[in-house]
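In what follows, a single structure is set out as structure tokens and then discussed.
The values are calculated or read from the model by the stated rules, or taken from the named source; none is laboratory data. The model shown is predicted, which means the values in this text are computed figures rather than measured ones. Here Cβ is always computed from backbone atoms with ideal geometry, including for glycine, and neighbour counts include all displayed protein chains.
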Amino acid sequence: MSSAGSTAAGDDESRSLFAPWRMSYMTMLERAGEEAAAGGKKRGSCFLRDYWLNPADDAKNHVIVRTGIPTPTMSESSSESSGGGRGGLIMLNKYPYANGHLLVCLGESRGRLLEYSEAQRAEFWSMVDLAVELVERALNPQGVNVGVNQGNAAGAGVPEHVHAHVVPRWAGDVNFMSACANVRVIPSALEEMAGRMRGVWGEMQAAFPIAIRSESTGAAFDEKDLLPFHGMAEDQSETDRLKVLLASLRRDRKPFYLTSVELEPILRWKLRGQYSRTAKHRATNSEEDIRAITQSAFAIVNSDKEEEARLRLEKLQELGGIGIGVASAILSLVHPSEYVVIDPFGWWAIYREDRSDKGFTISQYLRYRAAAAKIASSLGWTVQEVDHALWSLGMKQMPRKPG
């Protein structure tokens, strides 16, 4: 192999790139491996996990975007809690291959992408999309490399915590995967680059805010109001029980449908004190009706997820006594990562509009679901966690009508 200084014409052997600033990184990884082998570090411990668990150090660690906070109840010693909590980080690589080299990771440590849930993987790739846009806006590169090295054999420097590299590229610069002779990458100061990136991120947030406002008052919704209600739903245990039951039914029953016995606890969960109000209408549903309509609803698949939700809601409301609120509750328990429950309390929490005597349309449901999804993305929560927190906030703050 020729040296990095070789310039012989026609020499087409691969050549070396000297990037001395990365030597300390390799030394750090080597030392970390030795400590882990000697029992000096917890299983799964790495700088990505450490950064996730210490949001107060984000500036020092050159974190540009944080989409959530670590879950305080996760045990530090548990192998399942390697950086536990919803959300993730976009940060500058302290040992970059090029100016503006970003790392993207979820808060939870996993060694393989497929060890994350489907929802987590979707969140991961959405953060990669965001990192690419951030690099393009901040640096205007001619190209961008995006890559994931999974496992030691693939070259992962931190194999216990999957992460993506987002590297801006310019014509004639150092190759991302191989090295070019006579090219030396000199990164700008990390603090300067971090300031530039954060400035662009602030502009992006201003351009694409969570623009959720009350139609009646124009008041903006403040997502910080939800923080005290995270995970505090009073019916959480029953919600979890129903989700487990329905997940088991979906796994074992093909095609999936509901019976009257399985529908009953969902009705009681959603309607509570209003359970008896539509009992007469629900009594008109035969066992065959319930099976046929629920089976048809869950068989609906559409590449346009908004249209899919609309069609499923319409189908479920063909059952007697089932309005959009109950229909949305059925969907949210069967597909908790995709659907929310439309309810006067949740609606009021966002829009400051009392619709307890007006009901909801499917268009309003889709609007509420989109708002919950935006809030979830911003806070690093699931849409169901946001939905439950909105309900709890509305329960506490929505003015009660006299009588």
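Does Glu203 qualify as being modelled with pLDDT of 80 or more, charged (D, E, K, R) and outside any loop (DSSP other than H, G, I, E, B)? The answer is no for Glu203. Note on the range 126-163: residues that are part of a strand (DSSP E or B) and free of Cβ contacts under 8 Å to residues at least 24 places away in the same chain amount to 1. Residue pairs whose Cβ atoms lie under 8 Å apart, sitting 6 or more positions apart in sequence or on different chains, and linking a residue in the range 218-239 that is modelled with pLDDT under 85 and surrounded by 14 or more Cβ atoms within 10 Å (Cβ to Cβ) to a partner that is in a helix (DSSP H, G or I) and among the polar types (S, T, N, Q), are Glu223/Ser378; Ala233/Thr239; Ala233/Ser392. Considering the range 252-310, the qualifying helices (runs of 4 or more DSSP H), each wholly inside and each with 3 or more residues that are under 29 Å from the mean Cα position of the chain (by Cα) and either closer than 28 Å to Ala370 by Cα or without any contact (Cβ under 8 Å) to a residue 60 or more places away in the chain (or both), run over 260-271, 287-299.
When residues of the range 111-125 are filtered for being part of a helix (DSSP H, G or I), of a type in the set (Gly, Ala, Ser) and either closer than 17 Å to Val63 by Cα or at pLDDT 90 or above (or both), how many remain? Residues that pass the stated criteria total 0. Within the range 99-115, the set of residues being over 22 Å from Asn54 (Cα atoms), of a type outside the set (A, V, I, L, M, F, W, C) and either loosely packed, with under 15 Cβ neighbours inside 10 Å or without any contact (Cβ under 8 Å) to a residue 60 or more places away in the chain (or both) comprises Arg112, Glu115.
Does Trp347 meet the test of being at pLDDT below 90, assigned by TED's automatic domain parsing to the domain that holds Arg272, under 17 Å from Asp225 (Cβ atoms) and not charged (D, E, K, R)? No.
If only one of Pro209, Pro187 is part of a loop (DSSP other than H, G, I, E, B), modelled with pLDDT under 65 and in contact with a Pro (Cβ under 6 Å, 6 or more places away or on another chain), which one is it? Break it down stepwise before answering.
Values: Pro209 fails: in contact with a Pro (Cβ under 6 Å, 6 or more places away or on another chain).
On inspection, the qualifying residue turns out to be Pro187.
All of (1) surrounded by 15 or more Cβ atoms within 10 Å (Cβ to Cβ); (2) modelled with pLDDT of 75 or more; (3) part of a loop (DSSP other than H, G, I, E, B) hold for Val166 with one exception: (3).
The single condition from (1) assigned to a helix (DSSP H, G or I); (2) surrounded by 17 or more Cβ atoms within 10 Å (Cβ to Cβ) that Ala370 fails is (2).
Among the candidates Ile322, Ile342, which residue alone is more than 23 Å from the chain's Cα centre (by Cα) and over 27 Å from Arg66 (Cα atoms)? I'd like the intermediate steps shown before the answer.
On the way: Ile342 fails: more than 23 Å from the chain's Cα centre (by Cα).
Only one candidate passes the filter, namely Ile322.
For the range 345-364, state whether one or more residues are outside any helix (DSSP H, G or I), surrounded by fewer than 17 Cβ atoms within 10 Å (Cβ to Cβ) and among the basic types (Lys, Arg). Looking for residues that are outside any helix (DSSP H, G or I), surrounded by fewer than 17 Cβ atoms within 10 Å (Cβ to Cβ) and among the basic types (Lys, Arg), one finds at least one in the range 345-364, hence yes.
For the range 363-403, the set of residues classified as over 12 Å from the mean Cα position of the chain (by Cα), of a type outside the set (Gly, Ala, Ser) and more than 20 Å from Glu306 (Cβ to Cβ) consists of His388, Trp391, Leu393, Met395, Lys396, Gln397, Met398, Pro399, Arg400, Lys401, Pro402, listed by residue number.
Note on the range 317-340: among residues that are of a type outside the set (Gly, Ala, Ser) and more than 26 Å from Lys374 (Cα to Cα), the one that is surrounded by the fewest Cβ atoms within 10 Å (Cβ to Cβ) is Glu318.
Being more than 30 Å from Asp225 (Cβ to Cβ) and either among the hydrophobic types (A, V, I, L, M, F, W, C) or assigned by TED's automatic domain parsing to the domain that holds Met127 (or both) is a condition met by at least one residue of the range 271-284.
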